[in-house]
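Working notes, beginning with the structure itself.
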Ligand SMILES: Nc1nc2c(ncn2[C@@H]2O[C@H](COP(=O)(O)OP(=O)(O)OP(=O)(O)O)[C@@H](O)[C@H]2O)c(=O)[nH]1
Ligand SMILES: [Zn+2]
């Protein structure tokens, strides 16, 4: 398995939920709020619960999700494109949201994926701390490794809240990244077809 999609995580040294809640209390005190007030009483618990959901990708394996493929494709061998798949991730530098949509295509070589599995792979890699380039490459290589298609194409268009809410404070900018494998990488014509279908 390509290093880019392998599991990265050491599960043995994870703090407990109680320790994570204590860290949230520390941050609440750090921003200057009062952890004793009524409105914040359950906030550490809620934040830890939300983190477990938003970062569930660390406990999920894309290879497993993509394990189920369909071999009977009745002669279909042309592009399969799922576009405008919305996703959320968090940037690894500031831990604030990246909000966008992904377009994913592949050229089958005897096998096809359940369409929902494409969205599941985006969820798995998106629900980790990311930079957009890595997320894009992981989705492409994850599908490539599982399906061995003739090619995979991924485009992500996203807004980074770390550029909108803080720092340079530029709202509304979109970052576009692409990752191509196989025929999409070697054949400019296939890339153009992918782009045309996305914009069409
Ligand atoms: N390449 C890339 N950069 C990202 C992504 N998300 C955030 N960044 C950038 O990561 C950089 C981190 O830069 P630093 O100078 O270490 O951090 P900083 O002082 O908080 O930077 P500013 O955002 O410029 O205030 C910033 O330029 C962010 O815009 C991403 O997905 N890909
Ligand atoms: Zn950031």
Which percent, nearest 5, of DSSP beta bridges in region 57-199 are antiparallel?
95 percent
What is the list of residues in region 95-129 whose amide nitrogen lies under 14 Å from a point 7 angstrom out from the Cα of residue 27, following Cα to Cβ?
95-98, 129
Sort all Cα-Cα distances of region 154-199 into consecutive 5 angstrom bins from zero, then give the percent of pairs in each bin up to the one containing the longest distance.
5, 20, 20, 16, 11, 11, 11, 6, 0
Against the 2.2 N^0.38 Å scaling, with N counting residues, where does the chain land? I'd like the Cα-based Rg ratio to two decimal places.
1.19
For the chain, the longest principal axis of the Cα atoms and the Cα long axis of helix 17-31 enclose an angle in degrees, to the nearest 10, of 70 degrees
From Cα pairs below 8 angstrom and at least 6 apart in sequence, can you work out the relative contact order of region 19-104, rounded to a whole percent?
18 percent
Helix 115-126: angle to the longest alpha-carbon principal axis of the chain, degrees 0 to 90, nearest 10?
40 degrees
Pairs of alpha-carbon atoms within less than 8 angstrom and 6+ residues apart define the contacts here; what relative contact order does region 57-199 have, in percent?
25 percent
For the chain, modelled as a Gaussian network with Cα springs under 10 Å, which listed residue fluctuates most, 55, 87, 70?
70
Apply 1/(1 + (r/R0)^6) to the Cβ-Cβ distance of residue 71 and residue 96, taking R0 = 35 Å, and write down the FRET efficiency to the nearest 0.05.
0.25
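Compute the FRET efficiency between residue 165 and residue 13 as 1/(1 + (r/R0)^6), taking r as their Cβ-Cβ distance and R0 = 25 Å, and round to the nearest 0.05.
The formula returns an efficiency of 0.20 here.
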Report the residue, chosen from 61, 145, 78, that carries the largest GNM mean-square fluctuation when the chain is represented by alpha-carbon nodes joined by springs under 10 Å.
78
Helix 188-199 sits at what angle to the longest principal axis of the chain, using alpha carbons and giving 0 to 90 degrees rounded to 10?
50 degrees
Residue with peak Gaussian network fluctuation, the chain [Cα springs, cutoff 10 Å], from 62, 158, 50
50
Distance (nanometres) between label positions extended 7 Å along Cα→Cβ at residue 84 and residue 51
3.6 nm
Tell me, what is the percent relative contact order of region 83-155, built from C-alpha pairs under 8 Å that lie six or more residues apart?
39 percent
Computed, not fitted: 222 nm per-residue ellipticity of the chain from DSSP H runs ≥ 4 (each -39500 (n - 2.57)), nearest 500, equal to -11500 deg cm²/dmol
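Every read-out reported here was derived from the displayed coordinates using simple, explicitly stated rules and does not represent laboratory data. Nothing here was measured: the structure is a model prediction, and the numbers come from that model. Every residue, glycine among them, receives a Cβ derived from its backbone with ideal geometry; neighbour counts consider all protein chains shown.
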